[in-house]
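Q: This is the structure I want to talk about, given as structure tokens.
The values are calculated or read from the model by the stated rules, or taken from the named source; none is laboratory data. For clarity, every value in this text was computed on a predicted model and none was experimentally measured. All Cβ positions, glycine included, derive from the backbone under ideal geometry; neighbour counts span all protein chains shown. Calculation scope for accessible area: heavy atoms of the full protein, side chains included, ligands and nucleic acids excluded. Shrake-Rupley method; radii C 1.70, N 1.55, O 1.52, S 1.80 Å.
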Amino acid sequence: MAAQLTGLWPNITGLNGHSLHARNSSPPSTICAAYSPSSSTIQIVGGKASGLQTNGSPKPSNTLGRNQEENDWEGLETDIYHWTKTLRPIQWFPGHIAKAEKELKEQLKLIDVVIEVRDARIPMSTSHPQMDSWLGTRKRILVLNREDMISTTDRNAWANYYARQGIKVIFSNGQLGMGTMKLGRLAKELSNGVNVKRRAKGLLPRPVRAGVVGYPNVGKSSLINRLLKRRMCSAASRPGVTRELKWVRFGTDLELLDSPGMIPMRIGDQSAAIKLAICDDIGERSYDSADVAAILVQMLSRIPTVGITALHNRYKIEADGSCGKIFVQKLARQLFNGDTHQAAFRILSDFRKGKFGWIALERPPK
Ligand SMILES: Nc1nc2c(ncn2[C@@H]2O[C@H](COP(=O)(O)OP(=O)(O)OP(=O)(O)O)[C@@H](O)[C@H]2O)c(=O)[nH]1
């Protein structure tokens, strides 16, 4: 099992480039100019007249043989890329992360298996670009946490995607504990070899050591607490709560390392950064909530299971014919005395509470 998992792990880091996937058309250049994607008419914040072929920007793809839904998702990814281009870049790298990153690299020498936790709503945006180089050939288990926050269709899409690559993925719920027993079992199974080797050398067996790593606020500490059935690690609904590495013991044969959320010092992929902000996986001081909410409105308008009808039903504001920014401003006037930050916070918090339904913001690349 171990060999199967480690050997078949592909370059997940590369998947971070998902948001740069292709679309043959380019959005217009003016901010909040009208833009008509294939499925519906919406308006966008930001955008660029052309330049899809420049460095790091989307390349056109062959859309033949793909279903409409796949093309819609791919088109949305390209548009997010353009929407974010004119915004102030989102960067967040508090001091404790730099320190923890250094310590984690040290602790990795002691670790038998790494449990990498990602946010099931954005599995690619919560894949750390340096994780592969840190972990090398170390055994890994991939966990998509917050499974309750995505639809069954999203879950199946991701499960099939990883199955095709021979990667075992555990879907979990750190709040209620689903998936944690399986996770504990798998961690022990994968590390069995450690004690086989120790016995062969005449040494006593020792507990296997699993390091739990991942982006901020994805649910690492909650998963550990659920597994232990005790609140041993601090968990709260904001990123950056865990600030130190901490070993905890599970029974007699497993030790778990809780670690602070790791995020790259410089986030190159701003489409990923905006999704981290939407999902509350990055410090709120790093972004302008009105900009982020505007992009969320534009994204939701394009996601078939939400669309402009759901936005209208919730806020009684026409999304059609207005850009995300205008939508936020209208909501601000309607409910918050013109305060766009309060309006933005309402939209973001409604999304995070599932008021538009439980939906992932990413689908697997083809
Ligand atoms: N709905 C839902 N909420 C979850 C889930 N897992 C964790 N949470 C909540 O998400 C918030 C963050 O969880 P933490 O366990 O603190 O996340 P973390 O990854 O340790 O965060 P950092 O300290 O930033 O590294 C908490 O409010 C949890 O209750 C889940 O599967 N579903």
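Q: Filter region 160-174 for residues that are within 16 Å of the ligand (Cβ to nearest atom) and either modelled with pLDDT under 95 or not in a loop (DSSP other than H, G, I, E, B) (or both) and give the result. Break it down into steps so the answer makes sense when it comes.
A: So the first thing to find is which residues in region 160-174 are within 16 Å of the ligand (Cβ to nearest atom), and the list is 169-174.
Passing the criteria: VAL169, ILE170, PHE171, SER172.
Q: Any residue in region 328-340 that is open to solvent by 20 Å² or more (accessible area, probe 1.4 Å), within 27 Å of PRO216 (Cα to Cα) and modelled with pLDDT of 95 or more?
A: Start the filter on region 328-340 by keeping residues that are open to solvent by 20 Å² or more (accessible area, probe 1.4 Å), which leaves 329-330, 333-340.
Still in the running and within 27 Å of PRO216 (Cα to Cα): 340.
Now drop any that are not modelled with pLDDT of 95 or more, which leaves 340.
Within region 328-340, one or more residues are open to solvent by 20 Å² or more (accessible area, probe 1.4 Å), within 27 Å of PRO216 (Cα to Cα) and modelled with pLDDT of 95 or more.
Q: Would you be able to tell me the number of residues in region 131-152 that are farther than 15 Å from PRO216 by Cα and not in a helix (DSSP H, G or I)? Step through it out loud before you land on a result.
A: Going through region 131-152, the residues farther than 15 Å from PRO216 by Cα turn out to be 132-142, 147-152.
Going one step further and asking which of them are not in a helix (DSSP H, G or I), we end up with 136-142, 150-151.
The qualifying residues number 9.
Q: When you go through ARG226, ARG185, ARG198 one by one, which is the residue that is open to solvent by 40 Å² or more (accessible area, probe 1.4 Å) and more than 18 Å from LEU142 (Cβ to Cβ)?
A: Values: ARG226 fails: more than 18 Å from LEU142 (Cβ to Cβ); ARG185 fails: more than 18 Å from LEU142 (Cβ to Cβ).
Checking each option against the conditions leaves just ARG198.
Q: Regarding GLU147, is this residue within 14 Å of the ligand (Cβ to nearest atom) and open to solvent by 30 Å² or more (accessible area, probe 1.4 Å)?
A: Details: within 14 Å of the ligand (Cβ to nearest atom): yes; open to solvent by 30 Å² or more (accessible area, probe 1.4 Å): yes.
Answer is yes for this residue.
Q: Being touching a Pro at 6+ places or on another chain (Cβ under 7 Å), outside any loop (DSSP other than H, G, I, E, B) and not polar (S, T, N, Q): is that true of GLU362 here? So that I can check it myself, show each step before the final result.
A: Details: touching a Pro at 6+ places or on another chain (Cβ under 7 Å): yes; outside any loop (DSSP other than H, G, I, E, B): no; not polar (S, T, N, Q): yes.
Criteria not met by GLU362.
Q: To continue, here is another question. Of these, VAL208, VAL212, which one is more than 20 Å from SER151 (Cα to Cα), within 16 Å of the ligand (Cβ to nearest atom) and open to solvent by less than 20 Å² (accessible area, probe 1.4 Å)? Outline the logic, then answer.
A: On the way: VAL208 fails: within 16 Å of the ligand (Cβ to nearest atom).
Answer to the check: VAL212.
Q: Would you tally the residues in region 308-359 being closer than 24 Å to TYR287 by Cα and not in a helix (DSSP H, G or I)?
A: Total satisfying the criteria: 13.
Q: Here's a follow-up. Specify which of the listed residues (SER237, SER221, SER271) is crowded, with 20+ Cβ neighbours inside 10 Å and near the ligand (Cβ under 8 Å from one of its atoms).
A: Values: SER237 fails: crowded, with 20+ Cβ neighbours inside 10 Å; SER271 fails: near the ligand (Cβ under 8 Å from one of its atoms).
Just a single option satisfies the conditions, and that option is SER221.
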